[in-house]
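The values are calculated or read from the model by the stated rules, or taken from the named source; none is laboratory data. None of these values were measured; they are calculated from a predicted model. A quick note on method: Cβ atoms are made from the backbone with ideal geometry, for glycine too, and the neighbour counts reach across all protein chains shown. Remember, those area values only see protein heavy atoms, side chains included, never the ligands or the DNA or RNA. Shrake-Rupley method; radii C 1.70, N 1.55, O 1.52, S 1.80 Å.
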Amino acid sequence: MPTKEEVGQRVRLARFRRDMTLKEVANRSGMSATHISEIERGKTSPTIGALQRIAAALEERPAHFVEEQSSPLAVVVRRKDRTTEYKCDAAKRTMDIERLTADVPWGTLTVVRKVSEPGDIFERSAALGEAVLYCVRGMVRYTVRGESYVLRDGDTIQFTLEDGYTSETLGDDKCEVIGFVACPGRRGW
């Protein structure tokens with residue numbers, strides 16, 4: 001059985017994964033933000049009813065917070081086992097983002113590969129965390145906090161995700177980018 005600190009950490013990670021504030025969880029669960037904060041910090045143990053309401057607010061199974069979990073120390077993702085997420089760019093064109101890392105409960109880092117067509121524009125909403133993006137080939141413009149940066153083959157950019165960002169593929173050729181995205185308790189591009 002997990003300790004109250006472990007239960008709290010699982011609640012916090014589930015909240016971060018959904019980019020929700022304490023107030024949003026409180027509003028959805030009908031509980032106070034202060035009480036949820038105390039649970040997250042391991043200061044108090046939630047009752048079964050409270051855990052059910054928090055789980056519903058976070059769209060999670062209540063058992064997720066209390067079941068025994070054993071996680072592997074290392075995870076290998078074989079090329080054939082990689083998954084692809086499909087996103088829409090600003091013009092509603094579909095683009096695929098290949099996950100190079102596994103979805104592990106203890107992970108905060110996701111590595112992805114994105115190949116985009118000329119003119120593709122991708123907008124990422126604000127989140128907790130940071131990104132490091134490496135331009136393998138092609139040319140891409142990133143706009144972060146109103147400032148634009150153009151990357152070409154071999155260039156790298158690192159920035160916080162707190163304001164989101166926009167990327168636009170420039171030139172006449174496809175662009176390939178490897179992204180390293182670190183978000184506490186949440187994985188994703």
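Quick notes
- Theoretical FRET efficiency, 1/(1+(r/R0)^6), r = Cβ-Cβ of Glu98 and Met1, R0 25 Å, to 0.05: 0.05
- Scalar couplings 3J(HN,Hα) for the stretch 41-52, obtained by applying the Karplus form with A = 6.51, B = -1.76, C = 1.60 to θ = phi - 60°, are 7, x, 7, 9, 8, x, 6, 4, x, 5, 5, 5 Hz; x denotes Gly and Pro.
- Accessible area, probe 1.4 Å, largest first, for residues Phe180, Phe16: Phe180, Phe16
- Euclidean distance between Cα centres, the stretch 1-72 to the stretch 117-164, Å: 33
- Prolate/oblate/rounded call for the stretch 104-148, Cα gyration tensor, a/c under 1.5 rounded: oblate
- Options [x] 59, 37, 26; [y] 65, 34, 34; [z] 77, 37, 28 - which one matches Cα extents along the principal axes in Å as calculated here: [x]
- Which listed pairs, of Lys92/Lys174; Lys23/Lys92; Lys80/Lys114, have C-alpha distances above 24 Å, in listed order: Lys23/Lys92
- FRET efficiency for Gln52 and Thr156, using Cβ-Cβ distance with R0 set to 41 Å, rounded to 0.05: 0.35
- Rolling a 1.4 Å probe over the protein heavy atoms leaves Glu168 with an accessible area of roughly 60 Å².
- Accessible surface of Lys114 - all protein chains present, 1.4 Å probe, nearest 10 Å²: 10
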